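What follows is one structure encoded as structure tokens, with my remarks underneath.
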Amino acid sequence: MTDGANRALWIIVGLVLAAVGGLGVAAHSGRLRFADPDDPLLSGAVIDLWHRGDPWNLAVVIVLGLLLVIVGIVLFGREFRRRGTSRIDDLSHPGERGDTVVRAAALINCLERDVATGRGIVKVSATITGHTDSPRVWLWVGLAPGATVTQAREHVDESLRRFTTTSGITPGSVDVTVLPTAKAQARVR
């Protein structure tokens, strides 16, 4: 799941919880036509159903609660995990007098340094995962105050073109996360 898809999922969960909470507050304050604020939260039919479920009703609620906790832990863990695939392998180019090996760490470092030269870009972190034929590039770009996302996007696109030209690797997909920072860009690099 990409960072964007994970954020979209969290937004949906947050909106659903906010809507349920808002409906509860509106019902309690008498702002809903179909809900009387003096009525009990659960109707008599629901309470009868609960009592008819004895002794299994509590067990069912506990199991449902545990399932929700597990789903919450998985979603929370995805927010802070490192990428699930392994880092890209080193590049090896065979030649007449031996092999030339380009380390994956050097590729990542060069991409980070190139992106970091952009105007208004304060900090860059990169990860390249997958296979060399169609890797996935993950970039986290910190923008200085006053920097525009448009300028940063243009510079990231140029840096990725240079990366493809020099390394011979064409990324299959690129996931860029832009993070505003309070830190101003260094005047000298």
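The values are calculated or read from the model by the stated rules, or taken from the named source; none is laboratory data. Treat the numbers as computed from the prediction; the structure is a model and nothing was measured. With ideal geometry, Cβ positions are generated from the backbone for all residues, glycine too; neighbour counts draw on all protein chains shown. For the accessible areas, the whole protein counts, side chains as well, though only heavy atoms, and no ligand, DNA or RNA atoms are used. Shrake-Rupley method; radii C 1.70, N 1.55, O 1.52, S 1.80 Å.
Which percent, to the nearest 5, of DSSP beta bridges fully inside region 91-180 are antiparallel?
Values: 12 of 20 bridges.
Beta bridges within region 91-180, antiparallel portion: roughly 60 percent.
Report the one residue of A27, N57, V71 whose Cα lies farthest in the direction of the positive end of the charge dipole of region 1-78 (charges on C-beta: Lys and Arg +1, Asp and Glu -1; origin at the Cα centre).
Of the listed residues, the answer is V71.
Run the accessible area of the chain with a 1.4 Å probe and give the carbon-and-sulfur part as a rounded percent.
On the way: 8510 of 13610 Å².
Using a 1.4 Å probe with all protein chains present, the chain comes out at 63 percent carbon and sulfur.
Which peptide among 168-177, 91-100 comes first, and what is the full order, when sorted by highest mean count of other Cβ atoms within 10 Å?
So the order, starting with the most tightly packed, is 168-177, 91-100.
What Rg and what Dmax come out for region 91-180 when only alpha-carbon atoms are used, in angstroms?
According to the Cα coordinates of region 91-180, Rg and Dmax are 14.2, 52 Å.
How large is the Kirkwood hydrodynamic radius of region 3-81, counting all unique pairs of alpha carbons, in Å?
Across region 3-81, the inverse of the average 1/r is 15.7 Å.
In square angstrom, what is the accessible area per residue of the chain with a 1.4 angstrom probe?
Details: 13610 Å² over 189 residues.
I get 72 Å² per residue for the chain.
At q = 0.08, 0.09, 0.14 Å⁻¹, what log₁₀ I(q)/I(0) does a Debye calculation on the Cα points of the chain give, no solvent, two decimals?
Log10 of I(q)/I(0), two decimals: -0.50, -0.59, -0.92.
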